[in-house]
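Read through the structure below, which is laid out as structure tokens, and then see the notes.
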Amino acid sequence: MDAQLLSAIAAACAAVISLVNVGISSRLVRRQDDTRWIRERLPQLVTAYAEAVFQFERKVFETDWTVLSAEEREKLGLDEGVKALGILAEFEVFASPETVDTAHAVFHAADLIRMTRREEPAAKRWDLYWAWAEAKQDFLTAARREMGLKAPSVPSGLKAHRERSKRGGSDGGAGGEQP
């Protein structure tokens, strides 16, 4: 083999290797940018969703349903629920399946308060509230795990509820403790 042919083969190999390197680098940079964008968007979504679902729960839990007309009961919390569902739709695009599942669970727990309060305004009030609080804690834990953060601390009211539950205590009714 003469030197010119060897040089041509080496140059062709170098060009192929260079093209492969550029292609791989480009793909990695694009993927890194996509991941960075999701990492930047996810904390905003978690915060917005936690606030929206809290406003929904607060509206349906703290309202005195006995003074509402049937039409007012039907509409109670709908604006807050629609806002939370809009943010939840974004979670389905950006978050992991575990975070999405826990986001759905916290919304459904708040919606269950709304749906149950129609028939039983007082009977299940605190059981439903604590189910919502547990679902919210699960959501925040999953979201923080996905973002690479430690689990959030358990709110003092939820800690106290868990302790009372272990001891067989009650959270509602006469003498029951509230959050």
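The values are calculated or read from the model by the stated rules, or taken from the named source; none is laboratory data. Nothing here was measured: the structure is a model prediction, and the numbers come from that model. Cβ sites come from the backbone with ideal geometry, for glycine too, and all protein chains shown count toward neighbours. Remember, those area values only see protein heavy atoms, side chains included, never the ligands or the DNA or RNA. Shrake-Rupley method; radii C 1.70, N 1.55, O 1.52, S 1.80 Å.
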**Prompt:** Within the range 72-90, is even one residue open to solvent by 20 Å² or more (accessible area, probe 1.4 Å), at pLDDT below 90 and within 13 Å of the chain's Cα centre (by Cα)?
**Reply:** yes
**Request:** Give me the pairs, please: first residue somewhere in the range 81-99 and under 14 Å from Ala110 (Cα atoms), second residue anywhere and aromatic (Phe, Trp, Tyr) and open to solvent by less than 10 Å² (accessible area, probe 1.4 Å), beta-carbon distance under 7 Å, and either six or more positions apart or on two chains.
**Result:** Gly81/Phe56; Ala84/Tyr49; Ala84/Phe56; Leu88/Tyr49
**Asked** If you take the residues in the range 44-71 that are open to solvent by 20 Å² or more (accessible area, probe 1.4 Å) and among the β-branched types (Val, Ile, Thr), which one is modelled with the lowest pLDDT?
**Response** Thr66
**Fill in**
Checked against (1) open to solvent by 100 Å² or more (accessible area, probe 1.4 Å); (2) modelled with pLDDT under 90, Leu5 satisfies every condition except (1)
**Prompt:** Which pairs have Cβ atoms under 8 Å, sit 6 or more apart or on different chains, and link a residue in the range 44-62 that is closer than 13 Å to Gln137 by Cα to one that is modelled with pLDDT under 90 and open to solvent by 50 Å² or more (accessible area, probe 1.4 Å)?
**Reply:** Val46/Met147
**Request:** Kindly indicate the residue of the range 99-116 that is over 9 Å from the mean Cα position of the chain (by Cα) and among the charged types (D, E, K, R) and also most open to solvent (accessible area, probe 1.4 Å) among those meeting that condition.
**Result:** Asp111
